[in-house]
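See below for the structure under consideration.
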Amino acid sequence: MARDGAQYACQACGAVHAKWSGQCAACGAWNTLAEEGGSRPPGALAPSRRSKARGLTFEGLDARTPSPARIATGVGEFDRVCGGGVVPGSAILLAGDPGVGKSTLLLQVCAQAARRGAACAYISGEEAVEQIRARAHRLGLADAAVKLAAETALREIVEALKREAFDLVVIDSVQTLWSDAHEAGPGSVTQVRACAGELVRLAKARGVAVILVGHVTKDGQIAGPRVVEHMVDAVLAFEGERGYPFRILRGAKNRFGATDEIGVFEMGDGGLAEVKNPSALFLNEGGARAAGAAVFAGIEGSRPVLVEFQALVAPSVYGTPRRAVVGWDTGRLAMVMAVLEARCGLGFATRDVYLNVAGGLRISEPAADLAAAAALASSALDAALPQDCVVFGEISLSGDIRPVSRMDARLKESAKLGFARALAPGSTSGSDGGAQGVALTGVTRLAEAVARIGDVSWT
Ligand code: TYD
Ligand code: MG
């Protein structure tokens, strides 16, 4: 029998059960339930002690409290994704695969912020102080007044942060922390949740901004950053495609700013360099555009970004045709291919289809539909798109091309990078004076766009 109010959390998936059992009913893992929390059910209050209640006071929406100045760390791309600097007293989770560059990024952030006068601490549970120092030397950051420590015991960290006042503290990583209030091992759901909760409370109470590093893990052994996502004010995902030097910082949740903002970095010998103009980076420079390539004029966050979609449609050698996608959604590819088959007469049943977004960027905008379709049609028809043409537009199941947001910004960026035409939603064609000097080829149906691509006289 479960003791009154005791609860048991699965260390593999985080599910909470009222009773202990050998197997977690939610994920099926064995021997993963561990007792957690106090002796009361979640949400229940302790028996009221009248003398302690302060009495709740309500406030109006119009009350003005001056918001404290944000800490501009000096790493511009990082600050922008945070919504214009780090908010004092906020908790940020930086999540990413092991080896993507989280420690490097945060060491740079700490060092730059320290150079601008912020009191910064970098506490690592993964590396020795000498290792971090050696890295700082290599990155040319040795002069920055960052306080380093290697520690995994939560109690020590909390004591130190209460003793000394910091503006910004990095904890690398939350999975190595260990609180002596719980029996579960470091990295377990119980520990990760307890340690993150304690640090978030500390951040709020003392007005220090805390950045927690969380490794994304595939196996259930170690708790992933998901279990702390709801506790923190902002979740930033640091992503990179294997084999590419580019790293993308993406806001997944942000109580103090927009979430669709991205920051672009390039990993090199000197650490992470900010990429101020990502478009130039994601385009394949030089030479004529091959069949199967289409340049998409996209919007990432507040910025327009041009990126090349590359498709290869080839006869299938084996029985089941292959479909492989990098940087785009597989389901979306299936949808676009189905519309191309049904509405435009392009067959893919006996052909392998490969689709790749150049440079390791991940595109999730619906406006990319037409760019993907154009790349596929271009490869299938073996007809290259004009060198100076960008493509964007959303495709509906009926084969219509739907208008997309921020057309002007897309065209402006295209013009800036030397593109002179756009295959885009609309019924107007020819040179459009208002369109930033980019000649619009408006299409309302996908079939029109495919016919246009197949038409040799277009280029
Ligand atoms: P790291 O920041 O340790 O990753 P994480 O903390 O996310 O696990 O960086 C790991 C990789 O970055 C490592 O494989 C080497 C590479 N790297 C560079 O290419 N250049 C550099 O200047 C640094 C510091 C790292
Ligand atoms: Mg690391």
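The values are calculated or read from the model by the stated rules, or taken from the named source; none is laboratory data. Just so we're clear, the structure is a prediction, and the values are computed from it rather than from any experiment. As a convention, Cβ positions derive from the backbone with ideal geometry for all residues, glycine included, and neighbour counts pool all protein chains shown. To get the accessible areas, we keep the full protein, side chains included, count just its heavy atoms, and leave off ligands, DNA and RNA. Shrake-Rupley method; radii C 1.70, N 1.55, O 1.52, S 1.80 Å.
Overview of values
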item: Fraction of accessible area attributable to carbon and sulfur, the chain (%, probe 1.4 Å); result: 52
item: Region 139-291 - share of DSSP beta bridges that are antiparallel (%, nearest 5); result: 75
item: Hz values of 3J(HN,Hα) by residue in region 104-116 - Karplus curve (6.51, -1.76, 1.60), Gly and Pro given as x; result: 4, 4, 6, 5, 5, 4, 4, 5, 5, 5, 5, 4, 8
item: Counting all C-alpha pairs of region 266-392, share separated by more than 21 Å (%); result: 40
item: Helix-only mean residue ellipticity at 222 nm for the chain, each DSSP H run of n ≥ 4 adding -39500 (n - 2.57), per residue, nearest 500; result: -7500 deg cm²/dmol
item: Exposure ranking of Lys253, Lys147, Lys276 by accessible area [1.4 Å probe, largest first]; result: Lys276, Lys147, Lys253
item: Relative contact order for the chain, counting Cα pairs under 8 Å that sit 6 or more residues apart, in percent; result: 11
item: Check: the chain dipole with +1 on Lys, Arg Cβ and -1 on Asp, Glu Cβ, in debye; result: 1100
item: Hz values of 3J(HN,Hα) by residue in region 81-96 - Karplus curve (6.51, -1.76, 1.60), Gly and Pro given as x; result: 5, 6, x, x, x, 8, 7, x, x, 9, 10, 10, 9, 9, 10, x
item: Ratio of Rg to Rh over region 201-344 (Cα coordinates, Kirkwood Rh, two decimals); result: 1.04
item: Solvent-accessible ranking of Glu59, Glu229, largest area first, probe 1.4 Å; result: Glu59, Glu229
item: Tail fraction, Cα-Cα pairs, region 48-156, threshold 23 Å, whole percent; result: 44
item: 5 angstrom amide H check on Leu385, placed H, neighbours 5+ away; result: Gly292, Ala293
item: Distant-in-sequence amide H partners of Val391 (H built 1.01 Å from N, under 5 Å); result: Val295, Phe296, Ala297, Leu423
item: Debye equation applied to the C-alpha atoms of region 92-187, log10 I(q)/I(0) at 0.11, 0.23 Å⁻¹; result: -0.32, -1.30
item: Sites His230 and Arg362, calculated FRET efficiency, Cβ-Cβ separation with R0 22 Å, nearest 0.05; result: 0.40
item: Leu107 - accessible surface, heavy atoms, 1.4 Å probe, Å² rounded to 10; result: 10
item: Separation in nanometres of the label points that stand 7 Å from Cα toward Cβ, at Glu156 and Ala181; result: 2.0
item: Inter-label distance, nm, simple model (7 Å from Cα along the C-beta direction), Ala409/Val456; result: 4.1
item: Average accessible area per residue (Å²) across the chain - probe 1.4 Å, nucleic acids and ligands excluded; result: 48
item: Distant-in-sequence amide H partners of Val325 (H built 1.01 Å from N, under 5 Å); result: Leu355
item: FRET efficiency estimate (nearest 0.05) - Cβ-Cβ, Arg138 to Thr444, R0 56 angstrom; result: 0.50
item: Heavy-atom accessible area ranking, 1.4 Å probe, most first, across Arg322, Arg289; result: Arg322, Arg289
item: Rounded D (µm²/s) - region 325-413, Kirkwood Rh over Cα pairs, Stokes-Einstein at 37 °C, 0.692 mPa s; result: 238
item: Selection of chymotrypsin sites (Phe, Trp or Tyr not before Pro), region 237-332, meeting DSSP coil and at most 12 other Cβ within 10 Å; result: Tyr318
item: Charge dipole (region 59-182, unit charges on Cβ, about Cα centre) - positive-most of Ala136, Phe166, Ile92; result: Ala136
item: Rg and Dmax of the chain, Cα atoms only, in Å; result: 26.3, 86
item: Antiparallel %, DSSP beta bridges [both residues in the chain], to 5; result: 50
item: Compactness of region 273-330 - radius of gyration and Dmax, Cα, Å; result: 14.9, 46
item: Estimated distance in nm for a label pair at Ala18 and Ala338, the labels positioned 7 Å out from Cα along Cα-to-Cβ; result: 4.2
item: Within region 243-320, GluC sites (Glu not before Pro) in DSSP loop having at most 16 other beta-carbon neighbours inside 10 Å; result: Glu285
item: Heavy atoms of Tyr244 accessible to a 1.4 Å probe, total area in Å² rounded to 10; result: 80
item: Karplus-derived HN-Hα couplings along region 53-65 (A = 6.51, B = -1.76, C = 1.60, θ = phi - 60°), whole Hz, x at Gly and Pro; result: 5, 8, x, 7, 10, 9, 10, x, 6, 7, 4, 10, 10
item: Centroid-to-centroid separation of region 237-316 and region 92-170 [C-alpha atoms, Å]; result: 28
